[in-house]
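Chemist: Provided herewith is a single structure, encoded as C-alpha cells, for subsequent inquiry.
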C-alpha cells in the first residue's frame, strides 16, 4: 500500500470536491480532487483480485470515510467518479467480463458504491477516464477535441469531441486499440488471442515483445538474444527500450516499426474524427520526451502521419506525449464527476 498524506482542511478553498476511484487489476487509486483539479487526498490500495469485489469495495469505502472525517469534508463531496477496465455496461453500471478482474464479472459496481456512500456515481472505462484527465488538466488542456492512446500491455483509447467523451452505444466507444491496421491473412494477433491485424497487436508492449521474439527466432543478431531461449522468455518492452538506448540495431528497428504502425492507426483516427490533437499515454513510450529514443519514436509517428495525410490536416494536428502519468485516471474521473454534477 502506498499513500500521499492528506492535506489539511485549513488549506482547502475550492469546493465542492469529487472522488476519483480508478480500479485496476493490481491496484486501486483513490483521489479526492477539488474544483480546480488539485488533489487534496490520495491513497493507493492493492486490488487483491482473488478476494472478490465486495472486499475491495469495503476497503475503498474505509479510505474515503477516513479521509473525509479527517478533513471534515463529508458534506462537501458532491459526486464520485468511478473507472474500471472493460468490457462493461455503462448504462447498467456493470463490469461485464474484464480479463484483469475475473472474480468481478457481472458485478454492479456503480450502484454498490453509490449505495454505500449515498452519492451519485459517474461510471467510465478506465482509458476514457485517463483521456478526460489529460483533457482537463494535462497535455490536452488547451484542446477542444482530443484522442488519447494509452500504450501498455494493450492499447487503450479515449476520444473527446467538443468536450464530450465518446462512450458508445455498447459501452465500447473509443476502443482505439482495436482498429485494424493490417488486413493481410498473416497479420499479427493480439496477445489475448483475437484481434488479428489490430493496432494493439503492433503498438502494445506485448506486441513489441512478440515481434522482437519473432526476429530473434529468425536469427537476427541482437544483445536481446539471451532472452529468446525456450518456450518461456523474460523479454519485456522495457528491455527492448533499454537495448535501443544502447544502440542495439534490432531494438531500434522495433521502435521504428512500432512508430510506423502507430502512425498508420493515428492517421485513420484523425481522418475519421479530425480532433486536432492526439496524446500518447501509458508506460510503453520508449522513455517519452525526456529520452532520445522516445523522441525518435514520436518523430517516427509524426513522419508516418505526414506521409499519409493532407498538408492542412498535418499542420492543424498535434501529436504529443501525455503529462499526467498514472494519475490521469483518477483525476479524469473526478473531473468527469464534476462535469456531470454541474450538468444535473
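Chemist: Please state which of the following conditions residue 167 fails to meet, knowing it meets all the rest: (1) in contact (Cβ under 8 Å) with a residue 24 or more places away in the chain; (2) farther than 20 Å from residue 294 by Cβ; (3) crowded, with 24+ Cβ neighbours inside 10 Å.
Modeler: (3)
Chemist: To continue, here is another question. Residues of the range 70-101 being out of contact with any strand residue (DSSP E or B) (no Cβ under 7 Å at 6 or more places or on another chain) and at pLDDT below 95, which ones?
Modeler: 70, 72, 74, 75, 85, 87, 97, 99, 100
Chemist: So, one more: Output the number of the condition that residue 141 fails; it satisfies all remaining conditions of (1) at pLDDT 95 or above; (2) touching a strand residue (DSSP E or B) at 6+ places or on another chain (Cβ under 9 Å).
Modeler: Failing condition for residue 141: (2).
Chemist: Then there's this: When you go through (1) in contact with a strand residue (DSSP E or B) (Cβ under 6 Å, 6 or more places away or on another chain); (2) modelled with pLDDT of 95 or more; (3) farther than 23 Å from residue 322 by Cβ one by one for residue 197, which number turns out not to apply?
Modeler: (2)
Chemist: Residue check: is residue 321 touching a residue at least 12 places away in the same chain (Cβ under 8 Å), touching a helix residue (DSSP H, G or I) at 6+ places or on another chain (Cβ under 7 Å) and within 30 Å of residue 30 (Cα to Cα)?
Modeler: In short, yes.
Chemist: Which residue pairs have Cβ atoms under 6 Å apart, sit 6 or more places apart or on different chains, and have a first residue in the range 244-256 that is touching a residue at least 24 places away in the same chain (Cβ under 8 Å) and a second that is surrounded by fewer than 17 Cβ atoms within 10 Å (Cβ to Cβ) and part of a helix (DSSP H, G or I)?
Modeler: What qualifies is 248/223.
The values are calculated or read from the model by the stated rules, or taken from the named source; none is laboratory data. The shown structure was predicted, so the numbers you read here are calculated from the model rather than taken from an experiment. Please note: Cβ atoms are built from the backbone with ideal geometry, for glycine as well, and neighbour counts cover all protein chains shown.
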